[in-house]
Amino acid sequence: MLTRSLVLAIFCTLSVVIVRAQDLSIGGEWKFMTGDQPGWEDAAFNDSAWKTIRVGAPWERQGYAGYDGFAWYRRHIVIPSSIRNKVFLKETLRFDLGKIEDGDEVYLNGFLIGRNAGLPGDIKAGFKRMERSYLLPLSDPHIRWDNDNVLAVRVWNGRRNGGMYEGRYGVSAMDVTDFITLRPSGAAFRLAGGKPFTRKVVLISSSEKYLFRGRLNIRLTDPFSGVVVFRQTINANFDHNRPFEYTYITPLPESKSYRIDYSFEDNKSGQQLTMAEDMPYILTPIDRAAPRINGPEVYGVRPGAPIQYKIPVTGQRPLTFQAAGLPPTLHLDRQQGILTGSLAEKGSYTLQLTIKNGAGTVTRDLTIVCGEKISLTPALGWNSWNCWGLTVSDEKVRASADAMAAKLADHGWSYVNIDDGWEDKRDAQGEIVPNGKFPNMKKLSDYVHALGLKIGIYSSPGPTTCGGYMGSYQHEDQDAATYARWGIDYLKYDWCSYSEVAPKSPTLEDAKFPFIVMKQSLDKVHRDIVYSLSQYGAAEIWKWGGSVGANSWRTTGDISDNWGSLSGIGFRQDNSAPFVTPGEFNDPDMLVVGKVGWGPLLHNSRLSPDEQFTHISLWCLLSAPLLIGCDMSQLDDFTLGLLNNDEVLAVDQDRLVRPASKVLNRDSLQVWVKELSDGSKAVGLFNLKTVPLKTTVSFSEMTLPSSAKLRDLWRQQDLGRYRDSFPVRIAAHGVLLLKVSAVK
Ligand code: GAL
């Protein structure tokens, strides 16, 4: 029996275009029955009394609302032998069955052809969001060519949406190129390092029989000029046991993205596989040895609340920290740079920080504002959702905290936030109990704090969370007290099932109500807990989120790692921007850079390198909370370069908190301008086109003074003085992020 999952689609995640013939469509209507009985997989079973259902939409939307448990789908199909006859490589028949929520077993004519698309684990393990593709040898005797066959799918759903939905539905014979995985890898290049750039390409065969003999073509093109800067063709032979590997080295003239086209031509079949990627490149310079103080200039605390703030500093270790003007109730750890203690009285306390190392000394003020507001600048941290989804665990959170402490904290990153999937039930006293993946929440929180970081948690005002776990409904005081006891610093509070208990057509007051309730509960505990709301931007929350005591609120639905989602969210944030003030932020959702996947399987963000520069630049211009959504234990240099640019992060953390406004939208060029506290402006010029843009922008159309000094923030380089206009070159879907200061 052959039950391999098809890895091809998972690995070729860049700009791959592989078109496969869908020989027999099996979308549309299937027979359906809830429950689970032996014999339902049998081809001879009479399913004429079963109802019909459409695949492609969850069963909840087709008359089975609220149904969780087992159910079966059945379909009669004639598999024509023409499918087999027309392919060159007569090896494998493939069944695409969309995505299945949560687990599945698939039978062809009563014979089990696969379970959970080849992943280990039983049907209840749940591999939602993953494409289901099952493979059978064309010679398998269970296939009845040109006759009636029965596909029977046993589905288990634990909570929320269930069934066969999304994705492709079809039966096809795989041909030569369907068996090839073409995987480029290697470090992103940094021109400042002056090294030639090296990249490896691997060709892997998943065919057990075929010997691939052919040619691999590699072509690098400058997207601005169309000039091919490197081209190579090599013979490439490989088979199942012997992948083909080739490493190429080429100096690149400029630090920008290049398009790389790959193709493999197979001699015997004449078939060709093509794939393209945009080369990841690093703009952020390497940290200097001398100390540099990062993070915000203001830090909000509430009277009496315990303070733990690690001053973010880059530079060679060891460092020594000093603070003049330190109030007597605060303590500074002079080696670690961690401020602890508390302040009893409201007011502004300005500390003059001096930090030294073997390479120099730096000074800067830090103002601690003791009052009712916390999170005076947007939170910088990580959240488990975009990578791990509901598969988050204690172990994964610790690994993220370790990575943050080692690689990001010096640049100001501090929150390690657990999203949905940590909850279990309530005990006899009604207290929330974490599930088996979180053996001891207090110990986990101590672990994160010991690294100088902060920890966040997630809940819903409804009876259940969006993932179907226990929510805080009618236990708000108790949950806030539990969070405080565990040492929680951040709460994401997600509307989810609150609709079940809210009035049918909620008024504005109804929309606010559950968030006010939790705020009152949080106010009863003597701990600064950042309060982050998630209700997807309903009822224009940006107009009232601050009034219910929130520090941030989602303005949109969930983001995903593609340009449509990113640009659809990011470039529409101008309506809500005017409502942002220190401690009250719009949240256009978490970052989709690095390895994401919503758990358990991860892939590289499907955004191109330039789209990722756009993502971070725009979020910083918007004064948005930056919550990294990737697997932190696999941070690559490109992603680190995106996240650790101090001049870019300073735009987000600027104490004035004046989100950018869109001042120009001309021919797919958008310009967003943000006022900064030092009187200068951060300006993002975005190219929304799929081709590079060369143009000249006038300072007046960007609402800038006629004479100005420009600095490229990603490259951290002065560009000089300009009068009236500025010539720009912006990559497809890319950005130029400038700091513009008036020249007197
Ligand atoms: C969604 C929310 C996501 C994530 C998820 C957890 O409603 O938008 O960010 O928190 O719930 O189930």
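The values are calculated or read from the model by the stated rules, or taken from the named source; none is laboratory data. Given the structure is predicted, the values throughout are model-derived calculations rather than measurements. For neighbour counting, all protein chains shown are included, and Cβ atoms are generated from backbone atoms with ideal geometry for every residue, glycine included. For accessibility, only protein heavy atoms count, side chains too; no ligands or nucleic acids. Shrake-Rupley method; radii C 1.70, N 1.55, O 1.52, S 1.80 Å.
Brief remarks on what is shown
- Label zone (Asp678, point 7 Å along Cα-to-C-beta; backbone nitrogen cut-off 19 Å) within the range 289-306: 289-299.
- Considering only Ile249, Ala188, Ile218, the residue lying farthest towards the positive end of the dipole of the range 179-278 is Ile249, judged by Cα position with unit charges set on Cβ.
- Of the chymotrypsin sites (Phe, Trp or Tyr not before Pro) in the range 144-241, the ones in a loop by DSSP (not H, G, I, E or B) with at most 16 other beta carbons within 10 Å are Trp145.
- Probing with 1.4 Å while keeping every protein chain in the model, the per residue accessible area of the range 661-742 equals 43 Å².
- Per-residue [θ]222 nm for the chain (sum of -39500 (n - 2.57) over DSSP H runs n ≥ 4, rounded to 500): -3500 deg cm²/dmol
- Longest segment of the chain lacking GluC sites (Glu not before Pro) that sit in a DSSP loop with at most 15 other Cβ atoms within 10 Å: 432-700
- At an R0 of 41 angstrom, the distance between the Cβ atoms of Ser499 and Arg655 translates into a FRET efficiency of 0.60.
- Dipole magnitude of the range 661-742, debye to nearest 20 (Cβ charges: Lys/Arg +1, Asp/Glu -1, about Cα centre): 140 debye
- In plain terms, the chain from Phe111 to Ala305 could stretch by 63.5 nm, reckoned as 0.36 nm per residue minus the Cα-Cα distance.
- Using the Cβ-Cβ distance between Thr354 and Leu719 with R0 set to 25 Å, the FRET efficiency from 1/(1 + (r/R0)^6) comes to roughly 0.20.
- Stretching the chain fully between Gln478 and Gln316 yields a gain of 53.8 nm (0.36 nm per residue, less the alpha carbon separation).
- Solvent-accessible area of the chain (1.4 angstrom probe, protein heavy atoms only): carbon and sulfur portion equals 50 percent.
- Within the range 460-477: backbone nitrogen closer than 18 Å to the Asn161 label point (7 Å, Cα to C-beta): 465-469
- Contact order normalised by residue count of the chain, Cα under 8 Å, 6+ apart, percent: 9 percent
- Extension gain, His526 to Ile234, is 98.4 nm, computed as 0.36 nm per intervening residue step minus the present C-alpha separation.
- Pairs of Lys residues in the range 179-278, spaced 8 or more positions apart or belonging to different chains, with C-alpha separations under 26 angstrom: 5 in total.
- Dipole magnitude of the chain about its Cα centre (Cβ charges: Lys, Arg +1; Asp, Glu -1), debye to nearest 20: 1680 debye
- Mean separation of Cα contacts under 8 Å (6+ apart) over length of the range 406-547, as relative contact order %: 22 percent
- Arg242 versus Ser668: modelled label distance in nm, points set 7 Å from Cα along the beta carbon direction: 4.6 nm
- Applying the criteria of a DSSP loop state and at most 13 other Cβ atoms within 10 Å to the trypsin sites (Lys or Arg not before Pro) of the range 290-397 yields Arg334, Lys346.
- Averaged over its residues, the range 179-278 has an accessible area of 47 Å² per residue, based on protein heavy atoms and a 1.4 Å probe.
- Measuring r between the beta carbons of Ala399 and Val433 and using R0 = 22 Å, the FRET efficiency lands at 0.40.
- Label zone at Thr198 (point 7 Å along Cα-to-Cβ), backbone N below 14 Å, the range 234-249: 246-249
- The H on the amide N of Ala43, modeled in the peptide plane, is under 5 Å from the matching H of Gly110, each at least 5 residues off or on a different chain.
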